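The values are calculated or read from the model by the stated rules, or taken from the named source; none is laboratory data. Since this is a predicted model, take the numbers as computed values, not measurements. Quick reminder, even Gly has a Cβ in these numbers, built from the backbone with ideal geometry, and neighbours come from all protein chains shown. Ligands, DNA and RNA are excluded from the accessible area calculation, which covers all protein heavy atoms including side chains. Shrake-Rupley method; radii C 1.70, N 1.55, O 1.52, S 1.80 Å.
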Amino acid sequence: MSIMNLSRRQWLKSTAVAGASLTLGVYFNGALAEEASTASTPAANAAASSNFEPNAFVRINPDNTVTIIIKHLEMGQGSHTGLASLVADELDADWALVKTEHAPADASRYNNLSWGPLQGTGGSSSLANSFMQMREAGATAKAMLVGAAAALWSVPASEIQVAKSTVFHKPSQRQATFGELVGLAAQQPVPTNLTLKTPDQFIYIGKNNLSRIDASAKTNGTAQYTQDVHLPNMLVAVVAHAPRFGATVKSFDATQSKAIKGFVDAVSIGNAVAVLAQDFWSAKQGRDVLQIEWDENQAFKLSSADLLKQYQDLAQQKGAVARQEGEVEPALSKAAQVLSAAYEFPYLAHAAMEPMNCVVQLKEGQCEIWNGDQIQTLDQMMVAKLLSIEPQQVKINTLMAGGSFGRRGNPQSDYVLEAARIAQASKRDVPIKMVWTREDDTRAGQYRPYYYHVLKAGLDKEGNLMAWQQRIVGQSIMANTVMAGMIQNGIDPTSVEGAAGGYAIPNLSIELHTTDIGIPIQWWRSVGHTHTGYATEVFIDELAAAAGQDPLAFRVKLLEKQPRLLGVLKLAAEKANWSTPLQGKRGRGIAVVESFNSYVAEVAEITVRDDGTYSVDRVVVAIDCGWAVNPDVVYAQMSGGVGFGLSAALSGKITLKEGKVEQSNFHDYPVLRINQMPKVEVHIVNSAEKPTGVGEPAVPPIAPAVANALSAVTGKRYYTLPLPTQV
């Protein structure tokens, strides 16, 4: 498969005359642009445009609507609104006439510029990697529309203005809508030098004047998710997964399943059996009465307590060095105080609102997929390999996803491959919709890895932090995947990212033990920062107490050379009235974490009740994400991140007993209830820096902020997540 990493300067004109619309796309050389710019007649232009790529980022239709093609999955994080606003601003489009649709799976045009040659969504990269690309798309379209009007009216282009999808020439009192100009605009040469707006000219970027573009469809039910796909002759598949990871199907008997009305077939796919039926309920009933004998010779059979013991033993030994500065051991030996602590972080489920599902149809050497697809390029490659076809023969129709938190971006394409295996095993060319129940995803899914940290630190007589040693034990997300090349010298960067934060510590050591355990894992919203952020920020608080210093002042002193971390820390503290202590059994905790190039500090206020239960009442968030393109979206992502992170902090825990996952659904893997949601205040740092991500950075600080607040009230320290329900 050949994938090209496109430069944003490779925008060229595409298509249009025949289709009566103006479409802009990305191309790989100047040949097509040259043909277009030198063509002298509409017929010649039409002939030239016939060579253009059909896909694009901007499409302007005769009815004056503007369709923005979005290369990133919309899973609730606001990518459609954010990316569309970049184009609409430079284009001066009327927001009410702007529509969006997902791009087809094609990394040659829809590459994630932050990742390299790969189309995908994640790492809070959507807006950051598209910021200039989408603006240039809008500016290019606008220049061609202006050129069309200038040619039509025989006036200088410099006299033409654009506003709300209309082109004006004031001296002659003429005007035309975008839709009226698309035919002529398609014949204009592609501008070689774009002039982008300056910030003072923005009409949408940085403003709060936009309605969320996907809100109506999501509230009136017209938004299309995978579960909404209904195709002629489609079958539904429900899967019986092995009760223990690593087990395989020895044999199965579908006699009772065949008695279920609507049952069609049952097929083994090696580690599971799928029941195909005419509808979900028939398939589920058929699945539930299957008789399956499992081969568990290679199955995982340990319990959570067994893992903890293994991890504790490993943490006593020196691990692979991830970071080494100064001389830790000598510094610790000279310290006036040495503190140590061990932290335990459980496996976590993603618990997205929409469980896994995927529609696959195999036909004549082709595979077509309908899915809330997060990393299209990987899924194309993995499915193509399974079916012995080329990735280009795997067509993916990307639909909305009802949450993901990383789950739909599995580096091994687990559920997408499973759907393809079922279609392959069924030997039918009809579409097959595979549906996982929530129990399926909770018990047979993919988890945030279980981690164990041991930290040791030394303070001098003045309470200065002189040495920090941290050993981390856990599974590697990258190992045994196509991304294994990211592991260098035994270090998976996602296992240690964020350890020790940005603190100035003269003697520092971060070590890693990577375990090889048969529990399926993958990234979970904000990845490694979810555990390193907690260990760092809770231990820093404990050190501050040992030094007899205020937690904020202790951090400020260690972050003097980190202006952006320091900026959000001070802003959050100021807005939370940190200097005014709370009374009674109420307390505040603070934490600050950089993740995905964004800086977030949070102050949590809690109240401990007489019975030891407690509530998180208020969370003050300060974020520096560079230029805040859509403040409303930033606010929503910060609030959502707080809720998501709080959910895990208070109750998130996947446990194992003799190799089996003990949880199954929201009753025993609860997510935050609305009455538990604190008041969230968000303060955005004014910045001229380039935009960075906001989808994940609010998650890491919330758990340590709450734990530190509890410690402020109770005097106890909290080393295990989730936090206790009573303190």
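Do the conditions hold for residue 599, that is, is it at pLDDT 95 or above, under 22 Å from residue 542 (Cβ atoms) and among the hydroxyl-bearing types (Ser, Thr, Tyr)? Answer is no for this residue. Among the criteria (1) buried (at least 22 other Cβ atoms within 10 Å of the Cβ); (2) within 28 Å of residue 337 (Cβ to Cβ), the one residue 525 does not fulfil is (2).
With the structure loaded, tell me whether residue 681 is farther than 19 Å from residue 405 by Cα and in contact with a Leu (Cβ under 8 Å, 6 or more places away or on another chain) or whether it fails that test. No; evaluated as a whole, the condition is false for this residue.
Selection of the range 695-727 for residues being surrounded by fewer than 19 Cβ atoms within 10 Å (Cβ to Cβ) and in a helix (DSSP H, G or I) yields only 714. Entry remark, the range 314-335: residues being open to solvent by 70 Å² or more (accessible area, probe 1.4 Å) and either assigned to a helix (DSSP H, G or I) or touching a Cys at 6+ places or on another chain (Cβ under 7 Å) (or both) number 3 in total.
For (1) part of a helix (DSSP H, G or I); (2) open to solvent by 40 Å² or more (accessible area, probe 1.4 Å); (3) in contact (Cβ under 8 Å) with a residue 24 or more places away in the chain, each residue gets a yes or a no:
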| position | (1), (2), (3) |
| --- | --- |
| 300 | no, no, yes |
| 310 | yes, yes, yes |
| 338 | no, yes, yes |
| 350 | no, no, yes |
| 359 | no, no, yes |
| 369 | no, no, yes |
| 373 | no, no, yes |
| 396 | no, no, yes |
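Which one is nearest to residue 415 (Cα to Cα) among residues in the range 453-468 that are in a strand (DSSP E or B) and open to solvent by 20 Å² or more (accessible area, probe 1.4 Å)? Only one residue fits best here, namely 454.
Going through 548, 485, 518 one at a time, which residue ends up being more than 26 Å from residue 587 (Cα to Cα) and in contact (Cβ under 8 Å) with a residue 12 or more places away in the chain? One residue alone meets the criteria, 518. Every condition in (1) buried (at least 18 other Cβ atoms within 10 Å of the Cβ); (2) over 23 Å from the mean Cα position of the chain (by Cα) is met by residue 676 except one, and the failing one is (1). Of all residues in the range 350-370, none satisfies being under 33 Å from the mean Cα position of the chain (by Cα), acidic (Asp, Glu) and under 30 Å from residue 463 (Cβ atoms).
In the range 572-590, which residues are closer than 17 Å to residue 716 by Cα and either touching a residue at least 60 places away in the same chain (Cβ under 8 Å) or in a strand (DSSP E or B) (or both)? Listed by number, the residues that qualify are 585, 586, 587, 588, 589, 590. The set of residues in the range 181-199 that are in contact (Cβ under 8 Å) with a residue 60 or more places away in the chain, out of contact with any helix residue (DSSP H, G or I) (no Cβ under 7 Å at 6 or more places or on another chain) and open to solvent by 40 Å² or more (accessible area, probe 1.4 Å) contains only 199. Inspection of the range 424-434 identifies no residue that is free of Cβ contacts under 8 Å to residues at least 40 places away in the same chain, open to solvent by 30 Å² or more (accessible area, probe 1.4 Å), assigned to a loop (DSSP other than H, G, I, E, B) and not charged (D, E, K, R).
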